[in-house]
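Structure first, then comments.
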Amino acid sequence: MADRAIPAAVAIAKFFECGIEILQCVQDPYEVPLQQRDLEPVKRRIRRALPGVDLRVSVIVEPHAPAGIAAAAQHQLPVLATGATVFELDRYVGSVAESVVRLSGQPAVIVGPAADTEHAFTVDRVAVPLDGSTLAESAIPLAVEWANELDVPLHLLSVVPQTPTDADGPAPVDVDYLRETAASVEGAIQPVTWHMMSSDNTAAALAEAAEDALLVLHTHGRTGLARIAVGSVATDVIRVARRAVVLARPELAEATGGDGAKHAAGAES
């Protein structure tokens, strides 16, 4: 699984001119030398792809992988390959990737199981899903920063359910909302495009509409962007996305896109 994150980590390190740290968690201290030996082919692969890169290897003794990765990835940009599986942690249900983001306080670049591994970071836009909530909108600054760093357009997406929603629930967004939101950020980035679609499968619709875009998602949100009780839609999007996904906590909206990280930390989840 970890090998699938390597091409994205190399592409990010090359673009942002930063180093790479390979993180591996083990449960037993006696496993450390064995894992260090097993990571030698990975190191050679990275050095062939990016000669002269500042490359580090850290094997951490930590039975709970998300906690170990989160602790080691402070002030770095974690790059993880994940199967987007759902599990329970401290009464929260979500993916390993979401747990790393939640515990580390850092946005992370996630390569899902359906991603084109060799081109996971080859993107033509940065896309952010919106559902009309301030929580979803708080992802816009981070998406704008990534779009500016990568010099690509910003694309706003929204999914309207085909099946009528609960009358007591939030009203779906409309075209005017997307148009006004796009206009509100045009001073920060150009161009800004938007697209609204109708589907009861939010994750599949977002992944299909995003195509070759880098999606910026939050780990929490209301129905349509996240279902806290059964694992978030972010997990479902990561599972089917063709390109890498930037995952962040809502309070990380002002966090740096990539230039603030000294290393891209490739890790296994």
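Just so it is clear, none of the values below were taken in a lab; they were calculated from the coordinates. Quantities reported herein were computed from a predicted structural model and do not represent experimental measurements. Ideal geometry is used to build each Cβ from the backbone, glycine not excepted, and the neighbour counts take in all protein chains shown.
Below, the figures for the structure above:
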| item | result |
| --- | --- |
| Amide H contacts of residue 193 (H built 1.01 Å from N, under 5 Å, at least 5 apart or other chain) | 154, 155, 156 |
| Alpha-carbon centroids, the range 187-216 and the range 147-162: separation in whole Å | 5 |
| Protection-proxy order for peptides 185-197, 118-130, each taking the mean of Cβ atoms within 10 Å per residue, highest first | 118-130, 185-197 |
| Neighbour-count ranking [beta-carbon atoms within 10 angstrom, fewest first] of 158, 138 | 138, 158 |
